[in-house]
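Beneath this line is the structure, given in structure tokens, with notes to follow.
Laboratory data are not the source of any read-out in this text; all were calculated from the coordinates shown. Everything quoted here is computed from the prediction, not taken from an experiment. Cβ placement follows ideal geometry from the backbone for every residue including glycine, while neighbour counts extend to all protein chains displayed.
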Ligand SMILES: [Zn+2]
């Protein structure tokens, strides 16, 4: 069986990089949160189509919606870390990067009572420094690499290498599960989800997924709760037209497209990263004082 790995970056509509010029971290507390309603929309859909997913949770969200995180676990999904404040890895110096990731991991472990094994960088902003931080904090895998190079926020993944078994690992051996893109005529076409899932026509997108499954034996997909919310507040000024297009495109069609996608590929099976990856290293909760970390982010 060629599995489809489903991932959700759990963040609210105002925490997205495209809207950052209008909604800096200091403004988040005053924004209308819609994350519970939108996450339940996804959870209901996942339940109906037997989808087991990995939720890469933003620490800021976890701190305010502890019950939601527990409910996701009770429904059988995996909880992983998306950092705390949605700063790009390349924008944080060593200690700040470490603090951001550590705080989110410790918080999620406190809420779920389980070791958090995986991390995804905001906007796939993987850096060389990231491997060392993830190693020190007892992560088992990373899913921050996106091979589409034309998005300048994406990291380059220079120190990734292939194992003889065909898996990708970071410089220090931490497993890397990249999101999937399509190779066509010598080019890499973004095909992993997010805005691209909303951009391509459904049948074309699904044909691309089938092609990736045939050539790579797996497909790694990502989406966000705010992508199933056409009624979210609209930001009409302060962001560029490209960012606006990326964020608001076809939001009213996402749920139906997801339904279609799950029906089309139901024979593949939809699994979480932790279920798919052959994780053998012992996974321990990270150490340190959560309260101290939270006070500093
Ligand atoms: Zn994100």
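A few comments on the model shown:
- Segment residue 267..residue 237, full-extension length gain: 6.4 nm, with 0.36 nm per residue of separation and the alpha-carbon distance subtracted.
- Computed over the stretch 4-296, Kirkwood Rh from alpha-carbon pairs, angstrom: 19.2
- Highest to lowest packing among 171-178, 55-62, 259-266, scored as the average C-beta count within 10 Å: 55-62, 171-178, 259-266
- The fraction of Cα-Cα pairs per 10 angstrom bin, counted from 0 for the stretch 1-65, comes to 18, 46, 25, 10, 1 percent, rounded to whole percents.
- Choice from 122, 190, 21 showing the highest fluctuation, given a GNM over the chain with Cα pairs closer than 10 Å: 21
- Over 15 Å [Cα-Cα, the stretch 117-173], rounded percent: 45
- Relative packing of 226-233, 212-219, which averages over residues the other C-beta atoms within 10 Å, highest first: 226-233, 212-219
- Under the criterion of Cα pairs below 8 Å and six or more residues apart, the relative contact order for the chain equals 27 percent.
- Fluctuation leader among 109, 158, 129 - the chain, Gaussian network, Cα springs under 10 angstrom: 158
- Residue 203-residue 279 FRET efficiency (beta carbon distance; Förster radius 41 Å; 0.05 resolution): 0.70
- Modelled spin-label separation between residue 156 and residue 26, with each label point placed 7 Å from Cα along the Cα-to-Cβ direction: 3.4 nm.
- In this simple spin-label approximation, residue 33 and residue 47 carry label points 7 Å from Cα along the Cα→Cβ vector, and these lie 2.1 nm apart.
- Paramagnetic reach from residue 216 in the stretch 137-163 [backbone N under 11 Å; point 7 Å along Cα→Cβ]: 145-148
- Choice from 85, 180, 33 showing the highest fluctuation, given a GNM over the chain with Cα pairs closer than 10 Å: 33
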